[in-house]
Amino acid sequence: MNRKRAQGRFVFFCIAPAAILVTLFVFIPTINVFRMSLYRMGGITNRKTFVGLNNFKSLFNDTNFLQAMQNTIAIIVLVTICTIIFAVLFAAILSRSNVKGKNFFRVIFYIPNILSIVVIAGIFGAIYNPSTGLLNTFLEAIGLDFLTQQWMGNQRIVLYSIIFALVWQAIGYYMVMYMASMAAIPEDLYEAASLDGASEMKIFFQVTLPLIWSNIRTTLTFYIISTINLSFQFVQIMSNGGPNGHSEVVLNYMYKQAYGASVYGYGMAIGVVIFVFSFALAAIVNKITDREVLEF
Amino acid sequence: MKRKVVKKVLAVSLVSAMTVGLLAACGSDSGSGSSDGGSSDGGSSDNVLKVAAFEGGNGAEIWKQITAAFEEEYDCEVELELSSELDQVLTKNIQNGDVPDVVYYNLGQESGFTETMLKEQAVADISDVFDDELRGKMLDGILDGTDAQPYGDGKIYLAPIFYTPTGFWYNATLVGEGKQYALPTTWDEFFALGEQAKADGRSLFTYPQPGYFDATIYAMLAQAGGLDYYNSALEYDADTWTSEEGTKVLETISELVSNYLFADTVSNANTDGGFKINQQAVIDGDALFMPNGNWVIGEMANSTPSDYEWGMMGVPKWSADETQAVYTFTEQMWIPADAPNIDLAKEFIKFMYSDTVVDLCLANKTTNAETGEESDAPIVVPVKGAADKLPEGVTKDSYAASTADDVVAVTGTWATTAPIEGLNMKDAVYKPIDSISTGDMSVEEWQEQLVGVWEQCAGALE
């Protein structure tokens, strides 16, 4: 009995620090964001007025916010689809077929994850530069002048330019995750399938994909969270929401409102909406991708 | 058994050490930073003045010299807080109750720090600093604009301590008397020059970022409708943009950016640091004119060829016989309403207009962080005669142009309103210019948007 108590005390002391830190740096700030979203405040002095849900009401009439939200959703959807397709494809090729220099490619694909976002955004800024950038210069060199564009200046293209950069940096990371779960699939399943005369394509859809499904489901949540966060960093460096708000994303808009427009409480209300939105989206995605887990 | 106990004790002590370490690291460290001066007890002794200054293009040295001169003359102690991220430093300090006595931080910055302080009614009324003697010494009209009287109530809250005339900066190696292109004065001449430049493969115009149109639009409004119209526009008169004058301003800007803009302008304008690429286009001769202020000389010094010449002219007029309006950009110093030592702070602001400070500012030098080279970076205090002491050159010419007899100097910014959720003035007023230049937005749409913004602002005017 005494020993059990001692053990309990030991466990308590070991968990307490982590619990205190999480409470202090995660729970309390989150609760504070919710609380501050109910006030009209500038965020510098401690003057504030309680306005109830007024900030949220203004939010849904704010066309700039709605545009930013629309852009964010477009980015999440397109980045997720493109990254999944390419990451799974490359993972399958690298782990299933006998490509020469497999390890080399694995390293190359993973490199973007070692670079900081600021560096990647800087690289793409240089690639997209209209007169000296790699992209336009390359198109001109191969005689495709008519395809050259103001990649960051044309408001109908700018969002896709940013999406491309996001996909480029994400592929390697997810590819390595998918490769890890593909490596865990027993070889005899593949042997059995090929003895039955299944084509490579069929094997991929009937064996590989169902067996890494739970891994893909987990990564879907990662896509949502990381795209919301990373799109903010990319947009801040590559376009700052321009031209004229056509590449604005919610986090950047929240930042501008909270720290540049004297409406800190309103910024916090945007924060609350993003919080609820990402949770809800992750829950919905999790629900609709729910399948019976196949074991091997 | 004993080993187990040792293990447990070790585990618990390691975990505790980690927690204490983390928490300690998060504690505030009042000892660090670039705070100069002796006591840091946060006390409000009558003899200690806390000065917080933004460290920007003017460099840090000038503030050390000014505060040292003040200490000597007033026999007091100055604690100087210098930071290039002053808004963040002060936000933290003010929330902790550590309010500085006097702050140098301009209107119109990305952080909107000064605007927020004004909107929170947290800036002190300093009208009594500007007695008749000081007013007589200062440039005429410099205290009358909304950048000194932000609420438009006749009271001064922001002291204009430095000023810079703005206008179109141009490549004077190519444009000017006896050069390849003649200097235009009216919009018709300006656009004709645009056609001429186009034929030579150059663009007439570029802008670093759409926000740089602020001074241009202020000057154009004053040019189009005179000072009464201009002042009512700053206070959100409902007819500002639908009137003949307002429409003329918007249509002229639209013609300028739709037909004569350097093609890469918008792409560069929004990327981080891209404004310098647009400024470089003027130096390289790809574009001829851009809206700017004389800080551009120092900002681009590293990439300016030695034989290159800058020129500055006022924003073009609609007809040759109109009086030229030149917008003067001012930099502001103010006192927080909760400052512990307001009296001494007011003396400090007065001191900013003394001959000592005027001379120190004119002799200012900055050091290039990359090359370590020291170069002249004179700052001009808005007192009569200060600009005359500048060395000969484009900077002196630009000041002379703003005070010439046939010129109206215009100051002011859009009046301060109560905070409006979802509205960022710079984004709402100037960013549509990006879309207009690419043909994705029409003048009518821009006009409609501005009328909406003006309606919102007029409703929130305090």
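Overview of values
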read-out: One residue from B:THR416, B:THR438 being over 30 Å from B:PHE70 (Cβ atoms) and either in contact with a Pro (Cβ under 8 Å, 6 or more places away or on another chain) or assigned by TED's automatic domain parsing to the domain that holds B:THR323 (or both); value: B:THR438
read-out: Selected residue (only one of B:GLY38, B:GLY42 is at positive phi, assigned to a loop (DSSP other than H, G, I, E, B) and at pLDDT below 60); value: B:GLY42
read-out: Test: residue in the stretch B:103-118 that is of a type outside the set (S, T, N, Q) and more than 14 Å from chain A (Cβ to nearest Cβ); value: yes
read-out: Cβ pairs under 6 Å, 6+ apart, first in the stretch B:225-245 and in a helix (DSSP H, G or I), second buried (at least 16 other Cβ atoms within 10 Å of the Cβ) and of a type in the set (S, T, N, Q); value: B:ALA233/B:THR240; B:LEU234/B:THR146
read-out: Test: residue in the stretch A:226-237 that is touching a Ser or Thr at 6+ places or on another chain (Cβ under 7 Å) and within 14 Å of another protein chain (Cβ to nearest Cβ); value: yes
read-out: Restricting the stretch B:391-414 to residues that are part of a loop (DSSP other than H, G, I, E, B) and under 21 Å from the mean Cα position of the chain (by Cα), the residue that is farthest from B:THR116 (Cα to Cα); value: B:THR411
read-out: Checklist (1) within 14 Å of chain A (Cβ to nearest Cβ); (2) surrounded by fewer than 16 Cβ atoms within 10 Å (Cβ to Cβ); (3) within 19 Å of B:PHE262 (Cβ to Cβ) applied to B:GLN209, failing item; value: (2)
read-out: Residue list for the stretch A:244-296, filter: of a type outside the set (Gly, Ala, Ser) and at positive phi; value: A:ASN244
read-out: Within the stretch A:238-273, tally of residues that are assigned to a helix (DSSP H, G or I), small (Gly, Ala, Ser) and at the interface with chain B (Cβ under 9 Å from one of its Cβ atoms); value: 3
read-out: Some residue of the stretch B:246-263 being in the same structural domain as B:ASP406 (by TED's automatic domain parsing) and under 29 Å from A:VAL119 (Cα atoms); value: yes
read-out: Matching residues, the stretch A:103-152, being in a helix (DSSP H, G or I), among the hydroxyl-bearing types (Ser, Thr, Tyr) and farther than 23 Å from A:GLN233 by Cα; value: A:THR137
read-out: Only listed residue being farther than 15 Å from B:THR411 by Cα, modelled with pLDDT of 95 or more and not hydrophobic (A, V, I, L, M, F, W, C), chosen from B:THR216, B:THR185, B:THR206; value: B:THR206
read-out: Residue list for the stretch A:42-83, restricted to those being of a type in the set (A, V, I, L, M, F, W, C), farther than 25 Å from A:GLY260 by Cβ and touching a Leu at 6+ places or on another chain (Cβ under 8 Å); value: A:VAL79
read-out: Members of the stretch B:346-386 that are more than 20 Å from B:ILE142 (Cβ to Cβ) and among the hydrophobic types (A, V, I, L, M, F, W, C); value: B:ALA363, B:ALA369, B:ALA377
read-out: In the stretch A:1-47, residue surrounded by the fewest Cβ atoms within 10 Å (Cβ to Cβ) [restricted to those that are at the interface with chain B (Cβ under 9 Å from one of its Cβ atoms) and part of a strand (DSSP E or B)]; value: A:ARG40
read-out: Residue that is nearest to the other protein chains (Cβ to nearest Cβ), among those in the stretch A:48-67 that are free of Cβ contacts under 8 Å to residues at least 24 places away in the same chain and within 21 Å of A:ASN252 (Cα to Cα); value: A:ASP62
read-out: Qualifying helices (runs of 4 or more DSSP H) (wholly inside the stretch B:415-462; at least 1 residues being basic (Lys, Arg)); value: B:425-430
read-out: Filtered residue count, the stretch B:278-309, keeping only those that are in a helix (DSSP H, G or I), within 14 Å of another protein chain (Cβ to nearest Cβ) and surrounded by 21 or more Cβ atoms within 10 Å (Cβ to Cβ); value: 2
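Here is a yes/no grid of residues against (1) modelled with pLDDT of 90 or more; (2) among the β-branched types (Val, Ile, Thr); (3) in a strand (DSSP E or B):
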site: B:GLY311; (1), (2), (3): yes, no, yes
site: B:MET333; (1), (2), (3): yes, no, yes
site: B:PRO340; (1), (2), (3): yes, no, no
site: B:CYS361; (1), (2), (3): yes, no, no
site: B:GLY372; (1), (2), (3): no, no, no
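The values are calculated or read from the model by the stated rules, or taken from the named source; none is laboratory data. In this text the structure is predicted, and so the values were computed from the model without any measurement. Cβ coordinates were reconstructed from backbone atoms using ideal geometry, including for glycine residues, and neighbour counts include every protein chain displayed.
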